[in-house]
1. I'm told residue 247 meets every condition in (1) modelled with pLDDT of 95 or more; (2) in the same structural domain as residue 46 (by TED's automatic domain parsing) except one. Can you identify the failing condition by its number?
2. Being touching a strand residue (DSSP E or B) at 6+ places or on another chain (Cβ under 6 Å), aliphatic (A, V, I, L, M) and either buried (at least 17 other Cβ atoms within 10 Å of the Cβ) or outside any strand (DSSP E or B) (or both) is the filter here, so list the residues in segment 324-351 that pass it.
3. Would you point out the residue of segment 11-36, among those that are more than 27 Å from the chain's Cα centre (by Cα) and modelled with pLDDT of 60 or more, that is surrounded by the most Cβ atoms within 10 Å (Cβ to Cβ)?
4. Taking the condition of being part of a loop (DSSP other than H, G, I, E, B) and within 18 Å of residue 141 (Cα to Cα), how many residues in segment 81-97 meet it?
5. Would you be able to say whether some residue in segment 291-314 is in contact with a Gly (Cβ under 6 Å, 6 or more places away or on another chain), in the same structural domain as residue 37 (by TED's automatic domain parsing), among the polar types (S, T, N, Q) and part of a loop (DSSP other than H, G, I, E, B)?
6. What about residue 3, is it in contact with a helix residue (DSSP H, G or I) (Cβ under 9 Å, 6 or more places away or on another chain) and modelled with pLDDT under 95?
7. Quick one: would you say residue 297 is aliphatic (A, V, I, L, M), more than 14 Å from residue 121 (Cα to Cα) and loosely packed, with under 15 Cβ neighbours inside 10 Å?
8. List the residue pairs whose Cβ atoms are under 8 Å apart, where the first residue sits in segment 234-263 and is loosely packed, with under 15 Cβ neighbours inside 10 Å, the second is among the β-branched types (Val, Ile, Thr), and the two are 6 or more positions apart or on different chains.
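The values are calculated or read from the model by the stated rules, or taken from the named source; none is laboratory data. Fair warning: this is a prediction, and the values are worked out from it, not measured in the lab. Glycine gets a Cβ as well: all are built from the backbone with ideal geometry, and neighbour counts include every protein chain shown.
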Amino acid sequence: MSKKSKKFSKGRGAVTLPTQQPGATGSQATTQAQTTASEKQQLIPLIQALEQARGNRVMVYWLTDLARISEAVVPSLYDQLSAIGHQEVLDLLLFTRGGDTEAPWRIVTLMREFCNRFAVLVPYRAHSAGTVLAMGADEIVMTPMGVLSPIDPSRTHPLLPRREGATEAEPISVQDMRHAMTFIRETAKPSEETTYTPDAMAQIVTALFDKIHPLAIGAIEQSYALSKLIATRCLSTHMTSPDDKDSIDKIVNRLCDDYKSHAYPICREEARDIGLKVIYAPPSVDQAMMDLAKFYMARDIGFPKTTVRPSPGQTFKLYIAWLDSINKQMRVEQDTLVEKDNQARPVGDRWIEY
C-alpha cells in the first residue's frame, strides 16, 4: 500500500554527488528489481531467526541517517500491524538517529493497540526520539553495541538563523539555549564577583537577540517542555503504579537535563542504572539482532554509481528507511534532485510496499 507522506527527511540537508566519469547506464530498473528480490530473500529468514530466538513476532523500523522518525510512518505502521494481527507480545527492532518530538507518542499508542506488551530491540543505536520511543516499551532489549541518548530536543524555527545558501533555519539545541539564558541570568545578578557592567550585559543580550529572535526562544523553551511531556507519557504506559510517579520524573529529568551533550552514548548498563527497563540480550537473541543490523547497514540505498551519474535538473531515488516484517516489506522512496552545483537535494518522498 503506497502512502503519500509529508517531507520525510526535513533538516537532513543536501549531499554532494561524487565526481564521476560518464558511462553506459545499462538496465537500472532491471538491476534494482533484481537487487530488491535478492534482499527480500535474505531478509525474511533473518527476521524469522529473531522471532524464533525471542518467541515473539518482530517488526523492523530502520532509518538511515537521511531519514528521521516522523508521523509520516503512522499509516504504513498501521498497515504492518494490521497484517501481523493482535499479539500478546510484539517486538520492534529500532535503529535511528532521532526525529520529531511528538512522533514517538503516536507510534507507542498505535503499537499498544495491537499487543498487550511490546518490546523495543536496540542492536546498535536508538538516539533522541528513538530513545523516547523505547521508553514507551515494556522492556528495552539491548546488545553490547546498543546505545540510547539524552532526549533534550533540537528545534528549528523560521526566525532562527540560516547558513548562507540554506533554505531552512539551522536547528538549535534546547539545552544550549537554556544554558545561554542561565548564564545571562546568573551573570546579571548583583554580587561582589560580577565583572560585567549593566552596559556590557545589555550588549550581550542585544548580540544574542540579533542572532535569535525572542519569539524563537519562546518556541525553543516550549519544545523542552513538550519533550518532557512526551517522555513522561511514554513511561506512564507501563509504569502505572502511583508509586512510579517519582521514578518517572527522575528518569525524564535525568535524560533531559543531566547530560551536557545530546550525542552522549548511554550504554545498556547506564540505561538500566537510570531506571529504564533494560534487558541484556541473551546470546541467541544478540546474534539474531546483530545479523539483522549487519544486513540493514549493508543495504543499497540507491545512491548513483560511478557510471550512472544523473545530470543537473534530473532526479533519482534513494531508499532512506524501512518498515519490515515477514508479512510486509515497506520503505521510504525519496526523490532527490541534482542541482547545478552538483548538490543533491530531497524534493519529496513516500512510503511504498516493495
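1. Residue 247 satisfies every listed condition except (2).
2. Matches in segment 324-351: 330, 332, 337, 338, 344.
3. 31
4. Residues that pass the stated criteria total 1.
5. Yes, that holds for at least one residue.
6. When the stated conditions are applied, residue 3 passes them.
7. So residue 297 fits the description; yes.
8. That search, which allows pairs on different chains as well, returns 236/248; 249/232.
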